[in-house]
């Protein structure tokens, strides 16, 4: 080629979008530790520690618990293709991008999918699932615990009840909850769940922690057809992560080092302490935004602390504001998706990024950016946030 | 959990197995550079540079060229699920683990697969492909360029001829050739190819560089059924890596930094120079092994320089020798797979690992380990290797 690019020197951004989130220094360090072979006895210990910590962080004792070698969407596909055989009836709650995606993935796996469509930016009323199911037995019920596309947190227990009524297994998308909120898969009766490293776990993107209950594992063992994806086939992957250590694919060693350190940080802090921290800073952010005159998109009881969705005020140019934040403050926040595109900002306070410094920066920078666009907010919101911190 | 594990401090191994291979210091550095958002304008430049460098290293101008967010096997699955619709006739050359794997993956994608079985440890005679095809039109012909499981290098042009006779597209597994040997997809008429980062590219595992020709791209566009994998659906992934920049899944940012640096190092060294280096050190290794009394498994003309397969002498305990190498010399070499399990060692000289220091270490350590097992070789082979270096 004509000219070889230079080595990278990426700008240090403050990542307050929907993910990737800020990475802690010790996680960066872990990523660049010496690569071990994927069957090295030392690496097998690392794998066991990762599984044990992942169980603790996901609130489960499921044997079949490990990170998949792909991003969160690979985790979603893993759960669906391993649980679904062609013709299975699957009920999906859809109130954002990730419910929509589950429908698409489940159909590609041959499922007969029923969608329970619900308003974006609101939690899903379990009654809608009941109505959509129309009393028919189902194989699987799927909902999103933490809708990253809208900033909504879903209450889990009532959905589990619906699944029980339908004789169904229960799949939960926990991409933006694991590591930021207490997730209790066993207590909640979740049969399959997946997450991503780049949200509240605070590790760069690249792995998807997945967990299957004993019931889901038994369903996997009872399949009559091969899982359609070889790469994501848990029956083989379990043999590598389990005591057989059978080679399947070469594990992404250094990413697993990063996840190991990220899980350590969650457990060292404590899950309840971590949830409290995410809630505290989200509360301060929302208070500040409201003091600026901005409106949260999600009713208070349904808000997802790690991700705050807020309406773009009329007359304000969404993209221009975000470009200003990036160019003048090295600050990334997210735009909206689907029906929220152009009218919603998504502000993430995830992992190491859930801190007062980021809340202050975001409020001041947003004030500056809107002012530069000729739509000065009525205050910079910092005082209102301070009031929250002062209790 | 009862006790939180400590931060990792992995031993620095000399990686001379079938991959992962040694990682250059600047690639480790790249892995831990500040994470950018996956839609950050700065990251979009990184993506373009990676694609451009990947094209140069794979010898192609294919527009549809990018790394997939998974390891080499995800690249294999990407090529197969995007090119195959149920009922398509696929012919696969099988002379090792990875040909066997392609058969499995293609069947899961609904293909009607014909296998051209051939001896492991030997190149595939294209005549076998002709016979297996029996003159029938085929949709796709698949072979492995560099069989990591056996150490065999396949001549490509005669296979392309067979594919042409059958009216088929041509898929080539380049996992252990890209970055170590000159790969010329366009010149060779390859329609789809995949590689992995953890072999001759010298980056930790986690990404799979993939390339589709214009013809393969057109076949993708002409599909009547959705690609069965959402995660690996190139029609959507192309929209993220292309000018639309449409969000599909969150790209594994830091792994892409690592690949960026690894590709840079290949191009800075020069592809022909890099191939010459891989050939030089493999030649020295083989001379040393032969002087020790060990026998290469593959005839000279069919050997894959980055990976040397050698027979375990009668009476020598394969696993005990490899454990000795690891425990006493921090040296990893690979065992055999399939029919070669227990009777073959696989010694990798890949990327930064293709160097005189590693050849010498391997010969001396193998001499020590075999001696410790009571099977002292007739020399340590170092002198014979030196003779190769002396020209």
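The values are calculated or read from the model by the stated rules, or taken from the named source; none is laboratory data. Just so you know, these numbers come straight off a predicted model, no measurement behind them. Note that we place each Cβ from the backbone using ideal geometry, even for glycine, and neighbour counts take in every protein chain shown.
Residues in the range A:211-229 that are surrounded by fewer than 19 Cβ atoms within 10 Å (Cβ to Cβ), in contact with a helix residue (DSSP H, G or I) (Cβ under 6 Å, 6 or more places away or on another chain) and within 18 Å of residue A:66 (Cβ to Cβ): A:220 only.
How many of the residues making up the range B:326-346 are within 21 Å of residue A:246 (Cα to Cα) and over 21 Å from the mean Cα position of the chain (by Cα)? Residues flagged as within 21 Å of residue A:246 (Cα to Cα) and over 21 Å from the mean Cα position of the chain (by Cα) within the range B:326-346 amount to 3. Kindly indicate whether any position in the range A:137-145 is assigned by TED's automatic domain parsing to the domain that holds residue A:190, surrounded by fewer than 17 Cβ atoms within 10 Å (Cβ to Cβ) and without any contact (Cβ under 8 Å) to a residue 40 or more places away in the chain. The answer is no; no qualifying residue exists. Within the range B:337-385, work out how many residues are without any contact (Cβ under 8 Å) to a residue 40 or more places away in the chain and either crowded, with 23+ Cβ neighbours inside 10 Å or closer than 21 Å to residue B:27 by Cβ (or both). The number of residues fulfilling the criteria is 2.
Does residue A:219 satisfy the condition of being touching a strand residue (DSSP E or B) at 6+ places or on another chain (Cβ under 9 Å) and farther than 18 Å from residue A:54 by Cα? It is true that residue A:219 is touching a strand residue (DSSP E or B) at 6+ places or on another chain (Cβ under 9 Å) and farther than 18 Å from residue A:54 by Cα.
Restricting to the range A:57-85, and then to whatever is within 11 Å of another protein chain (Cβ to nearest Cβ) and over 17 Å from the mean Cα position of the chain (by Cα), can you tell me which residue is farthest from residue B:70 (Cα to Cα)? Taking the candidates together, the pick is A:61. Only one of the listed residues (B:202, B:180, B:189, B:196) is buried (at least 21 other Cβ atoms within 10 Å of the Cβ), more than 14 Å from chain A (Cβ to nearest Cβ) and touching a residue at least 12 places away in the same chain (Cβ under 8 Å). That residue is B:180. The strands (runs of 3 or more DSSP E) found wholly in the range A:289-385 and carrying at least 2 residues that are within 13 Å of chain B (Cβ to nearest Cβ) and within 25 Å of residue A:119 (Cβ to Cβ) occupy A:331-335, A:344-348. When B:164, B:88, B:104, B:191 are screened for being in contact with a helix residue (DSSP H, G or I) (Cβ under 6 Å, 6 or more places away or on another chain) and under 27 Å from residue B:224 (Cβ atoms), only B:191 passes. Contact annotation: residue pairs with Cβ atoms under 7 Å, 6 or more positions apart or on different chains, pairing a residue in the range A:258-270 that is facing chain B (nearest Cβ under 7 Å) with a partner that is surrounded by fewer than 20 Cβ atoms within 10 Å (Cβ to Cβ) and part of a helix (DSSP H, G or I), are A:260/A:49; A:261/A:26; A:267/A:56.
In the condition set (1) facing another protein chain (nearest Cβ under 7 Å); (2) free of Cβ contacts under 8 Å to residues at least 60 places away in the same chain; (3) within 29 Å of residue B:50 (Cβ to Cβ), residue A:52 is compliant with all but (3). Among the residues of the range B:1-20, those that are more than 7 Å from chain A (Cβ to nearest Cβ) and touching a residue at least 60 places away in the same chain (Cβ under 8 Å) comprise B:14, B:16, B:18. Number of residues in the range B:224-240 that are in contact with a strand residue (DSSP E or B) (Cβ under 8 Å, 6 or more places away or on another chain) and either assigned to a loop (DSSP other than H, G, I, E, B) or modelled with pLDDT under 95 (or both): the value is 2. Specify which of the listed residues (B:60, B:23, B:100) is in contact (Cβ under 8 Å) with a residue 60 or more places away in the chain and more than 20 Å from residue B:141 (Cα to Cα). Only one candidate qualifies: B:23.
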